[in-house]
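A short worksheet on the structure shown next.
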Amino acid sequence: MTVIMDVKIEQSWKSALSSEFEKPYFAELVRFLHQEKAAGKVIYPPGSQIFHAFDLTPVDQVKVVILGQDPYHGPGQAMGLSFSVPDGILAPPSLKNIFKEIESDLGIRMSGATNLEPWARQGVLLLNSVLTVLAGAPTSHSHIGWQEFTDAVIRYLSAERSGLVFLLWGRYAQEKSALIDTSRHHVLLAAHPSPLARGAFFGCRHFSKTNQILQSEGLKPIDWQL
């Protein structure tokens, strides 16, 4: 018997991904998270924010996809959007470098705000490949089924939309390019913004390039300034 999960996610995504919610791996994923929570383990982000990226950026509003790996694992950081932390939380190193590149690329000054929700509301899907993490344990939920789910998200966008811009930073994200039909979409590759990449991210100019592509597609560019 097929078990249909009652997943609290924005309606257009709920419809688009309905077949995923019915698959055994997703039921097992949900069961695992419930068990962990029942055992008193702390999981980030809070349950209400696991699908925050989808809730802010419905299917037909997606223009850009920025792919991260897994949520921040420190208290108060993860909010269901790749690279974003709530305002008032110190920007992690990768986010600082993203802001530096935006300032250099676009010649603007960022305000110090760290919440990327304004991007999401303009059509930037801030998608982590893995949507939960155990507190203090990076990549701890990388093998519980999330990647199967988010790969399905990328495949769906590739097949059902056209003219999207995918920003793939670092080897992990770039491996997802195999899921994208590059005859229908634009894929921009760069090093990861982490300091571990020794500054290789700088100079990619992905933010101006994205806006140029969107304008060529007849779409409104993203206001990257926070």
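The values are calculated or read from the model by the stated rules, or taken from the named source; none is laboratory data. This one's a predicted model, so the numbers in the text were calculated from it and none came from an experiment. We place every Cβ from the backbone using ideal geometry, glycine too, and count neighbours over all the protein chains shown. Ligands, DNA and RNA are stripped out before the accessible areas are found, and what is left, the full protein with its side chains, is counted by its heavy atoms. Shrake-Rupley method; radii C 1.70, N 1.55, O 1.52, S 1.80 Å.
Computed values, structure above
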quantity: Members of the range 113-132 that are surrounded by 22 or more Cβ atoms within 10 Å (Cβ to Cβ) and within 14 Å of the chain's Cα centre (by Cα); calculated: Leu116, Trp119, Ala120, Val124, Leu125, Leu126, Leu127, Asn128, Leu131, Thr132
quantity: Close pairs (7 angstrom Cβ cut-off, 6 or more residues apart or separate chains): surrounded by 12 or more Cβ atoms within 10 Å (Cβ to Cβ) in the range 10-32, of a type in the set (D, E, K, R) and modelled with pLDDT of 95 or more anywhere; calculated: Glu10/Asp55; Ser12/Asp60; Tyr25/Glu148; Phe26/Glu20
quantity: Residue list for the range 183-199, restricted to those being of a type outside the set (Lys, Arg) and either out of contact with any helix residue (DSSP H, G or I) (no Cβ under 9 Å at 6 or more places or on another chain) or more than 22 Å from Gln212 (Cα to Cα) (or both); calculated: Ser183, Ser194, Pro195, Leu196, Ala197, Gly199
quantity: Subset of the range 81-140 [out of contact with any His (no Cβ under 9 Å at 6 or more places or on another chain), aliphatic (A, V, I, L, M) and part of a loop (DSSP other than H, G, I, E, B)]; calculated: Val85, Ile89, Leu90, Ala91, Ile108, Met110, Ala113, Leu116
quantity: Residue within the range 127-134 that is among the small types (Gly, Ala, Ser), within 30 Å of Gly40 (Cα to Cα) and without any contact (Cβ under 8 Å) to a residue 60 or more places away in the chain present; calculated: no
quantity: Given (1) under 30 Å from Met110 (Cα atoms); (2) touching a residue at least 60 places away in the same chain (Cβ under 8 Å), number of the condition Asp55 does not satisfy; calculated: (2)
quantity: Selection count where residues are open to solvent by less than 70 Å² (accessible area, probe 1.4 Å), of a type outside the set (A, V, I, L, M) and closer than 16 Å to Val62 by Cβ, scope the range 156-187; calculated: 9
quantity: Qualifying residue in the range 188-210 (condition: modelled with pLDDT of 95 or more, within 30 Å of Pro46 (Cα to Cα) and open to solvent by 40 Å² or more (accessible area, probe 1.4 Å)); calculated: yes
